[in-house]
Amino acid sequence: MSTSTVPEAPTAPSLLAGSVEQPTFGEAIGNYVRKVRGGDMGSLPAILALAVLILAFVVMKPETFPSTLNIANLFQQGAVVVTIAMGLVFVLLLGEIDLSAGFASGVCGAILATGLTAYGWPWYLALAAALATGIVIGLLIGTLVARVGIPSFVTTLAAFLAFQGVVLLIIGAGGNISITDPVIVALQNKNVPPLLGWAMAIVAVLAYAGSSLRTWQLRRRRGLVAAPLGMVVVKIVALSLVVIGMVAILNQERSLNPLRTSIIGVPIVVPLIVTLALILGFVLTRTAFGRHIYAVGGNAEATRRAGINVKAVKMACFTICSFMAAIAGILAASRATSVDPNAGGSNVLLYAVGAAVIGGTSLFGGKGRIVDALIGGAVIAVIDNGMALLGYSAGIKYVVTGAVLAAAAAVDAISRRRARATGRG
Amino acid sequence: MTQAPDLAPPPTLEVRGGRKNFGAVHALRGVDLVARAGEVTALVGDNGAGKSTMIKCVAGIYPFDAGDVLFEGQTTHISSPADANELGIEVVYQDLALCDNLDIVHNMFLGRELKKGFRLDESAMETRAAEVLASLSVRTVRSIRQHVASLSGGQRQTVAIARAVLWNSKLVILDEPTAALGVAQTEQVLQLVRRLADAGLAVVLVSHNMNDVFEVADSINVLYLGQTAAQIRTKDTSRMEVIELITSGSAGMPAGAVAPRPSPDAPERATRVASATATTSDATTTTNGSTSA
């Protein structure tokens with residue numbers, strides 16, 4: 001498969017392989033600074049914004065915002081938006097948009113709720129039905145966009161309207177289906193036992209350390225440019241501190257009345273989201289399919305000429321997006337322990353698009369990562385939560401969130417222009 | 001170059017009487033092409049003569065409506081880019097078909113990534129890409145992990161060509177590879193083209209530029225209004241004659257043999273297809289003296 005038809009036998013070892021100069025720690029930092037200045041900022045603006053916001057809310061609401069109860073609350077509040085945003089990253093990478101993801105999550109939530117109550121299905125059957133609905137929705141939208149050729153904006157706008165109607169039809173105007181199934185309710189309302197939480201944290205840290213050190217060693221051995229060991233270690237230590245710190249905080253008692261009910265441990269939704277993020281991140285960065293998604297977003301015609309089935313890639317991305325919306329619908333139903341006709345409506349979709357874009361995913365396609373959805377979702381959850389604690393009205397919250405989204409989109413557009421100018425594309 | 005007329009193996013690619021219509025438009029009305037291993041075959045013709053259509057037919061973007069395609073002597077039917085790739089036909093398009101947001105390695109392996117199970121084998125791809133670039137004597141690229149967006153025109157062209165030879169390719173078709181390049185970069189790319197042929201590949205070079213054609217081509221195929229006017233050995237012809245063929249579809253006697261219709265088993269030949277408008281040619285040649293725009 002990879003036999004060579006190359007003209008001359010490689011004489012001198014190439015400048016590119018074998019004799020590469022490995023960057024030092026300082027050079028690696030210098031390279032990063034150059035990259036950022038060249039317009040490739042990634043999640044940096046979002047991380048800075050997150051730090052500023054957290055600091056501001058801690059200063060303004062020192063007793064409530066950093067409380068363990070509120071921190072756990074932040075994760076549960078942000079879960080729905082982050083889950084939809086992770087799916088949206090796939091669609092945004094193509095340079096497309098899915099405006100229907102919010103109400104798609106509502107439809108799936110409504111299917112879950114009616115399955116559980118009206119039909120009395122066991123939780124796993126209702127769950128499977130909700131997830132299958134998400135896949136069907138994604139295939140439908142993917143077909144309309146990729147095969148029929150309707151612009152995704154129009155397709156998903158139509159779906160947005162239609163799914164809003166579907167939720168209303170399933171639940172009935174003014175209706176409300178409550179969910180009592182303990183498994184579904186536990187997803188967003190129960191916690192992982194503290195010891196299991198610690199075990200998962202340690203496994204996660206060791207796995208990350210092991211895989212990044214192994215990659216480093218392999219690249220060094222093959223004579224490829226590798227990040228300096230110091231940098232790898234710094235990243236491992238930073239991640240360990242964050243993970244261990246979070247588990248330590250969440251494993252404290254946070255019930256307002258510990259004698260009556262004990263609330264302790266990492267919310268179940270946290271490992272769930274981390275697992276989803278790892279799987280999706282793996283798909284995007286480590287598989288040929290993921291590479292093809294970036295290629296379609298970069299140059300769809302070139303991708304087609306390279307023999308890649310662009311339509312199939314688009315179909316798959318829309319399907320993944322709607323599937324993630326289905327998971328979000330289940331999480332939303334679990335958190336509210338009910339589904340009403342507005343499920344997945346109001347600001348859910350816009351927050352999710354905002355999360356992906358604030359995190360650094362480009363609306364122009366071809367650039368973005370799963371972690372963007374996590375960081376951007378955290379920014380949105382912190383704004384939403386902090387401003388509510390400060391007693392601001394919903395009106396002000398929307399204005400501020402809108403302003404942050406506009407700022408993120410502006411950063412995207414400007415850094416794109418800057419990248420053009422410095423040839424980093 | 002490497003001709004042993006009587007015992008020569010069949011040409012890598014041979015097209016006989018290829019036709020292609022787009023509705024009422026007859027884009028190709030009978031094209032013939034012979035591309036041999038170890039040779040650069042130039043495909044020339046004025047704008048709209050059918051060069052792009054012809055290479056797209058060979059590349060499987062859309063198939064010929066009629067006519068025979070022989071690959072290494074075997075009749076074959078190329079109906080998709082995948083068919084073409086399978087045979088070992090690689091096309092480097094004029095607009096390069098690279099993804100700006102991916103790095104050099106990812107572009108070179110796009111669509112044919114090396115994998116370890118489910119996972120991309122990044123280090124194997126990186127090593128291999130570096131080897132190929134080195135063997136093509138590419139020394140100008142700073143890092144093969146840099147995004148293609150940051151490369152110059154010549155470097156991009158090099159990446160596109162390197163991608164084409166990365167595979168077991170037997171025929172590489174280059175569509176106007178020097179059209180957007182400066183003098184020095186043009187020279188580098190032409191040297192690269194020559195090296196590909198010297199390494200035993202069949203190379204088809206689509207070009208407008210007579211200097212490029214006469215510098216590297218072993219054989220010149222001229223298209224005129226969707227038909228093959230002639231395929232001539234470079235050493236047997238002159239610039240004037242080729243330009244005459246391009247602009248009028250016919251010329252005075254080419255130095256080589258002239259057959260009214262090519263006989264497929266005459267390996268060293270100059271094919272001349274009776275052009276529909278083969279009349280006197282002096283008027284057009286003087287007004288359109290040079291097509292190397």
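Tabulated values for the structure
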read-out	value
Heavy-atom accessible area ranking, 1.4 Å probe, most first, across A:Thr133, B:Thr75	B:Thr75, A:Thr133
Net charge dipole size for chain A [Lys, Arg +1 and Asp, Glu -1 on Cβ; Debye, nearest 20]	1080 debye
Whole-number accessible area per residue in Å² for the protein assembly as shown, which is evaluated in the context of all protein chains at 1.4 Å	43 Å²
Relative contact order %, region B:101-168, counting alpha carbon pairs below 8 Å whose residues are six or more apart	45 percent
Helix-only [θ]222 nm of chain A, DSSP H runs n ≥ 4, -39500 (n - 2.57) each, per residue, nearest 500	-23500 deg cm²/dmol
Mean separation of Cα contacts under 8 Å (6+ apart) over length of chain A, as relative contact order %	34 percent
Three-way shape call for region B:101-168 based on the alpha-carbon gyration tensor, with the a/c threshold at 1.5	prolate
Computed magnitude of the charge dipole of region A:191-266 (debye, nearest 20; Cβ of K, R +1, Cβ of D, E -1)	480 debye
Counted charge near B:Leu114, where neighbours are those whose Cβ lies closer than 14 Å (Asp, Glu -1; Lys, Arg +1)	+4
Mean separation of Cα contacts under 8 Å (6+ apart) over length of region A:191-266, as relative contact order %	44 percent
Ellipsoid equivalent to the protein assembly as shown - semi-axes via the Cα gyration tensor, in Å	59, 29, 21
Magnitude of the charge dipole, region B:11-62, Cβ model with Lys/Arg +1 and Asp/Glu -1, debye to 20	180 debye
Sequence-distant residues sharing a close amide H with B:Asp65 (under 5 Å, placed H)	B:Arg19, B:Lys20, B:Asn21
Interchain or long-range residues, amide H under 5 Å from B:Tyr224's placed H	B:Ala229
Shape metrics for region A:126-251, restricted to C-alpha atoms - Rg then Dmax, Å	23.4, 66
Candidate lysines for bridging to A:Lys35, where Cα separation is under 22 Å - those fewer than 8 sequence places away on the same chain excluded	A:Lys235, A:Lys367
From phi via Karplus (6.51, -1.76, 1.60), per-residue ³J(HN,Hα) for region B:150-161 in Hz, x at Gly/Pro	8, 8, 7, x, x, 5, 4, 4, 5, 4, 4, 6
Gain in span if fully extended, B:Ala180 to B:His77, counting 0.36 nm per residue against the direct Cα distance	33.8 nm
Beta bridge orientation in the protein assembly as shown: antiparallel %, DSSP, nearest 5	60 percent
Per-residue SASA entry for B:Lys115, accessible area with 1.4 Å probe, Å² rounded to 10	110 Å²
A:Gly265 long-range amide H proximity, modeled H, under 5 Å	A:Asn251, A:Gln252
Environment charge at A:Thr156 (Cβ cut-off 9 Å; Lys +1, Arg +1, Asp -1, Glu -1)	-2
Largest to smallest accessible area among A:Met324, A:Met60, A:Met231 [probe 1.4 Å]	A:Met60, A:Met231, A:Met324
Loop-located trypsin sites (Lys or Arg not before Pro) in region A:252-310 whose Cβ has at most 10 other Cβ within 10 Å (DSSP)	A:Arg260
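The values are calculated or read from the model by the stated rules, or taken from the named source; none is laboratory data. Worth saying up front: this structure is predicted, and the values here are computed from it rather than measured. Cβ: placed from backbone, ideal geometry, glycine included. Neighbour counts: every protein chain shown. Calculation scope for accessible area: heavy atoms of the full protein, side chains included, ligands and nucleic acids excluded. Shrake-Rupley method; radii C 1.70, N 1.55, O 1.52, S 1.80 Å.
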